[in-house]
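Report on the following structure.
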Amino acid sequence: MNFGFIGAGNMVSAIVKGMTIGTKSYDGNCIYVTSKSGITAEELAKTCSAHFCKTASEVVAASDVLVLGVKPHVLAEILPNMKADIDKKKPLIISIAAGKTLEYIGSLLSERTPIVRVMPNINGKIGASTTGICKNDFVTAEQFQIAKEMFSTIGTVIEIAEQQFSVFSVIGGASVAFAYLYMDALSRAALKAGMTKKQALEITAETVLGSAKMVLESGEHPYALIDQVCSPGGTTIEGICSLQSNNFESTIISAFDAVLQKDKWIARKK
């Protein structure tokens, strides 16, 4: 089975590297890549021993699974020109474009085209993505399994009802940047207090990693865990009270709402 990629940006690069180098689950010889300039696709193909193609038509002709790895607004530009080639080859279509629904993508292609919508995140570069996935009614069980196995090479894959995809795009996608910002702020505070930024960032990242594992593995609610860390009259409760008085929680919720609204705006834009 052959896999084609239209676009070769950061996310496609993470996926292809996860498939070939990270897990070694797929041979680069079964992967075909193209990009607008050709430069990024050629570099990626060389790194992963995949095929570099100069045109989208070449990729479609070679592919059983076709990944649309372009920006959301580009779909309306490229899919009408690819429609005839897709009709001829009939590959499974996978879109990683934020905000664009299965219905929207289907409207740019022929009826009954099997389409899977996927939302990975940038942590896929190290095999740690949390990826949401859903499908339209024309995707077979076998095709859906192929898609899930493909994206499991860059982390965990979670089936999400499409009506919840905008929510997932915040907590499974944009929140990665929120976590990065939190870790950077905490390590800069430690730098201010006299610790080197490098050591502070390492400690902060390890602590966030451990905290995430604790939530996942203990089965306890985050607030119950907060209570376990906060001793009466201790230091941690001072920090928690400071965060709450400075609207930490409501600031996170506002950031969530901002991303959600932008995702919905992208979905409405033709």
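The values are calculated or read from the model by the stated rules, or taken from the named source; none is laboratory data. Please read all numbers here as calculations on a predicted model, not as lab measurements. No Cβ is skipped: glycine too gets one built from the backbone with ideal geometry, and neighbour counts run over all protein chains shown.
The one condition from (1) in contact with a Gly (Cβ under 9 Å, 6 or more places away or on another chain); (2) surrounded by fewer than 20 Cβ atoms within 10 Å (Cβ to Cβ) that Ile115 does not meet is (2).
Quick check on Arg117: is it modelled with pLDDT of 95 or more, in the same structural domain as Leu75 (by TED's automatic domain parsing) and closer than 26 Å to Asn10 by Cβ? Write out each step before concluding.
Numbers: modelled with pLDDT of 95 or more: yes; in the same structural domain as Leu75 (by TED's automatic domain parsing): yes; closer than 26 Å to Asn10 by Cβ: yes.
The answer is yes for Arg117.
Close Cβ contacts (under 9 Å, 6 or more residues apart or on different chains) running from residues in the stretch 123-137 that are more than 22 Å from Gly99 (Cβ to Cβ) to residues that are at pLDDT 90 or above and part of a strand (DSSP E or B) comprise Ile126/Gly155; Gly127/Gly155; Ala128/Gly155; Ala128/Thr156. Evaluation of His73 against the conditions (1) assigned to a helix (DSSP H, G or I); (2) crowded, with 20+ Cβ neighbours inside 10 Å; (3) within 18 Å of the chain's Cα centre (by Cα) shows that the sole unmet condition is (2).
If you check Thr23 against the conditions, is it surrounded by fewer than 16 Cβ atoms within 10 Å (Cβ to Cβ) and either within 19 Å of Asp87 (Cα to Cα) or in contact with a strand residue (DSSP E or B) (Cβ under 6 Å, 6 or more places away or on another chain) (or both)? So Thr23 does not fit the description; no.
Do you know which residues across the stretch 27-36 are surrounded by fewer than 22 Cβ atoms within 10 Å (Cβ to Cβ) and modelled with pLDDT of 95 or more?
In the first step, residues of the stretch 27-36 are kept if they are surrounded by fewer than 22 Cβ atoms within 10 Å (Cβ to Cβ); the result is 27-30, 36.
Result: Asp27, Gly28, Asn29, Cys30.
Applying the set (1) farther than 29 Å from Gln261 by Cα; (2) out of contact with any strand residue (DSSP E or B) (no Cβ under 7 Å at 6 or more places or on another chain); (3) hydroxyl-bearing (Ser, Thr, Tyr); (4) surrounded by 16 or more Cβ atoms within 10 Å (Cβ to Cβ) to Ser110 leaves exactly one unmet item: (4). No other residue among Gly173, Gly194 is in contact with a strand residue (DSSP E or B) (Cβ under 8 Å, 6 or more places away or on another chain) and not assigned by TED's automatic domain parsing to the domain that holds Thr130 apart from Gly173.
Which of the helices (runs of 4 or more DSSP H) contained wholly in the stretch 170-245 include at least 1 residues that are under 27 Å from the mean Cα position of the chain (by Cα) and aliphatic (A, V, I, L, M)?
Here the list reads 175-192, 197-218.
Of the residues making up the stretch 46-62, those that are under 13 Å from Lys88 (Cα atoms) and either of a type in the set (Phe, Trp, Tyr) or in contact with a helix residue (DSSP H, G or I) (Cβ under 7 Å, 6 or more places away or on another chain) (or both) are Ser57, Val60, Ala61. Beta carbons closer than 6 Å, at least 6 apart along the sequence or on distinct chains, pair a first residue in the stretch 257-270 that is on the phi < 0 side of the Ramachandran plot with a second that is part of a helix (DSSP H, G or I) for Val259/Val170; Val259/Ala174; Leu260/Ser166; Leu260/Val170; Asp263/Ser166; Asp263/Ser169; Lys264/Ser166; Ile266/Pro72.
Tell me which residues, restricted to the stretch 3-22, are assigned to a strand (DSSP E or B) and either free of Cβ contacts under 8 Å to residues at least 60 places away in the same chain or under 16 Å from Ala97 (Cα atoms) (or both).
Taking the stretch 3-22 as the starting set, the residues that turn out to be assigned to a strand (DSSP E or B) are 3-6.
Residues satisfying the conditions are Gly4, Phe5, Ile6.
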